[in-house]
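*Asks:* Once you've had a glance at the structure underneath, I'll fire off some questions.
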Amino acid sequence: MSHRQRSAVVALLLVAVLLVAGCAPRPGAGDVLGQAGEGEIVVDLPAMVIDYDLEGRPSVGGVPLSSLGMLPASVVEQITLDADIVGQLQDANIQNVQVNNQTNGLTLFVNGAQIPSLSWDKESLATLASLAGAMGPDMAVVADIAPLLTNLGFAAVLRIPPAEGVEELPITTESEAATAAQAAADAFVSEVGTPPQIHIPVTYDATGDWTVSGITADEWTEMTGAPFDALKLEEDIVTALKDAGITSITVASGSEGLQMALNGNNLPYLDWSGGKLGPAIELLAASGQLDSLAEQGMNLDALMAVLDQLLPVVTSSNVSIDVTLE
């Protein structure tokens with residue numbers, strides 16, 4: 001293990017020990033010990049809970065972080081929230097957010113429901129480390145830390161006080177929205193028999209021009225009227241990718257999520273399996289992020305109905321785009 005890796009892990013352990021006074025059960029706890037190799041570093045901790053008051057001041061185990069001299073003031077300042085943000089979260093009834101590093105990914109929970117998260121294994125993390133290493137010294141930390149992530153189990157839970165009269169929500173729970181989204185996807189596949197399949201092979205030349213099945217961007221634009229020429233790459237981007245040893249890029253989506261591979265080697269991917277997009281859409285609506293569309297005259301009820309119809313199609317279809325750099 002490099003000096004940089006050791007320093008990063010030691011810093012993580014110091015923070016973890018400091019905050020262990022306020023903790024909660026962590027999904028995936030114990031998994032690290034079952035898969036770590038002999039002699040490898042292992043960190044497996046409960047979830048660390050940071051509570052915020054109405055002014056956005058953080059505390060752990062009832063102790064304000066600002067009173068802990070071991071934490072630099074700059075760190076406390078970075079995790080302190082504006083009172084306005086606390087109010088906005090209360091208005092959206094967002095009571096807790098959990099970020100959980102597990103052996104198989106970085107999982108995200110909001111109000112106890114898991115939303116689309118990052119998923120990985122040792123091979124995909126090795127690909128990420130290799131890519132980060134090729135991107136220069138600015139990404140050196142990523143290259144060093146990525147191979148260790150499967151051996152690190154820790155989580156942070158940020159809790160916001162619920163608005164007056166609102167019932168407090170658990171930090172982990174079964175999501176009705178996720179269950180409904182998965183049931184809709186299963187029903188769609190059952191109805192159509194075979195999930196839709198779409199495969200698009202794209203070839204870029206050294207100048208950044210592209211073709212699909214031998215048809216150029218200009219020809220596709222002429223046939224469809226769509227501005228496909230906007231997909232042309234800058235020549236220096238193609239050169240940089242090839243200099244990094246990248247000759248093929250695959251982007252694919254299916255029931256498991258949105259995946260990407262370089263030269264046939266998978267990267268960590270966005271996992272939306274199990275209906276995780278359901279609570280994400282529910283959260284988007286509750287947070288008021290769609291209100292601007294209503295102000296422009298869009299019927300939000302109709303939009304949500306369309307999303308309900310599209311969601312099982314999107315999550316069940318197998319779509320892949322294979323990009324080759326000549």
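The values are calculated or read from the model by the stated rules, or taken from the named source; none is laboratory data. Just so it is clear, the model here is predicted, and its values are computed rather than measured. Note: ideal-geometry Cβ built from the backbone for every residue, glycine included; neighbour counts use all protein chains shown.
*Asks:* If you take the residues in region 110-150 that are of a type in the set (Val, Ile, Thr) and not in a helix (DSSP H, G or I), which one is nearest to residue 94 (Cα to Cα)?
*Replies:* 110
*Asks:* Scanning for something in the same structural domain as residue 110 (by TED's automatic domain parsing) and either part of a loop (DSSP other than H, G, I, E, B) or modelled with pLDDT of 80 or more (or both), does region 3-16 turn up at least one residue?
*Replies:* There is no residue in region 3-16 that is in the same structural domain as residue 110 (by TED's automatic domain parsing) and either part of a loop (DSSP other than H, G, I, E, B) or modelled with pLDDT of 80 or more (or both).
*Asks:* Can you tell me which residue in region 269-303 is nearest to residue 128 (Cα to Cα), limited to those that are outside any helix (DSSP H, G or I) and modelled with pLDDT of 95 or more?
*Replies:* Within region 269-303, the match that is nearest to residue 128 (Cα to Cα) is 269.
*Asks:* Only one of (1) within 30 Å of residue 164 (Cβ to Cβ); (2) at pLDDT 95 or above fails for residue 106. Which number is that?
*Replies:* (1)
*Asks:* Do we have residue 299 as closer than 24 Å to residue 197 by Cα and outside the structural domain of residue 132 (by TED's automatic domain parsing) here? Break it down stepwise before answering.
*Replies:* On the way: closer than 24 Å to residue 197 by Cα: no; outside the structural domain of residue 132 (by TED's automatic domain parsing): yes.
Against the criterion (closer than 24 Å to residue 197 by Cα and outside the structural domain of residue 132 (by TED's automatic domain parsing)), residue 299 does not qualify.
*Asks:* Another question about this same structure. Tell me whether region 162-176 contains one or more residues that are loosely packed, with under 15 Cβ neighbours inside 10 Å, hydrophobic (A, V, I, L, M, F, W, C), within 30 Å of residue 93 (Cα to Cα) and out of contact with any helix residue (DSSP H, G or I) (no Cβ under 6 Å at 6 or more places or on another chain).
*Replies:* yes
*Asks:* Sticking with this structure for a sec: Which one is nearest to the chain's Cα centre (by Cα) among residues in region 220-268 that are at pLDDT 95 or above and of a type in the set (Asp, Glu)?
*Replies:* Residue satisfying both the conditions and the ranking: 256.
*Asks:* Quick one: in region 187-235, which of the residues that are of a type in the set (Asp, Glu) and free of Cβ contacts under 8 Å to residues at least 12 places away in the same chain is nearest to residue 278 (Cα to Cα)?
*Replies:* Filtering region 187-235 for residues that are of a type in the set (Asp, Glu) and free of Cβ contacts under 8 Å to residues at least 12 places away in the same chain, the one nearest to residue 278 (Cα to Cα) comes out as 191.
*Asks:* Residue 213: polar (S, T, N, Q) and surrounded by 16 or more Cβ atoms within 10 Å (Cβ to Cβ), yes or no?
*Replies:* Criteria not met by residue 213.
*Asks:* Quick one: residue 93 ticks every box in (1) part of a strand (DSSP E or B); (2) at positive phi; (3) of a type outside the set (D, E, K, R) bar one, so which box is it?
*Replies:* (1)
*Asks:* Looking only at region 110-121, decide whether some residue is more than 25 Å from residue 56 (Cβ to Cβ), surrounded by fewer than 17 Cβ atoms within 10 Å (Cβ to Cβ) and not assigned by TED's automatic domain parsing to the domain that holds residue 291. Steps first, answer last, please.
*Replies:* Taking region 110-121 first, the residues more than 25 Å from residue 56 (Cβ to Cβ) are 114, 116-121.
Among the residues that remain, those that are also surrounded by fewer than 17 Cβ atoms within 10 Å (Cβ to Cβ) are: 121.
Those still in the list that are not assigned by TED's automatic domain parsing to the domain that holds residue 291 too: 121.
Checked against the condition, which is being more than 25 Å from residue 56 (Cβ to Cβ), surrounded by fewer than 17 Cβ atoms within 10 Å (Cβ to Cβ) and not assigned by TED's automatic domain parsing to the domain that holds residue 291, region 110-121 yields at least one hit.
*Asks:* Among the residues of region 126-142, is any within 30 Å of residue 285 (Cα to Cα) and assigned by TED's automatic domain parsing to the domain that holds residue 157?
*Replies:* The answer is no; no qualifying residue exists.
*Asks:* How many of the residues in region 62-101 are at pLDDT 95 or above and over 17 Å from residue 51 (Cα atoms)?
*Replies:* 1
*Asks:* May I ask you to verify whether residue 101 is part of a loop (DSSP other than H, G, I, E, B) and in contact (Cβ under 8 Å) with a residue 12 or more places away in the chain? Reasoning before the result, please.
*Replies:* Values: part of a loop (DSSP other than H, G, I, E, B): no; in contact (Cβ under 8 Å) with a residue 12 or more places away in the chain: yes.
It is false that residue 101 is part of a loop (DSSP other than H, G, I, E, B) and in contact (Cβ under 8 Å) with a residue 12 or more places away in the chain.
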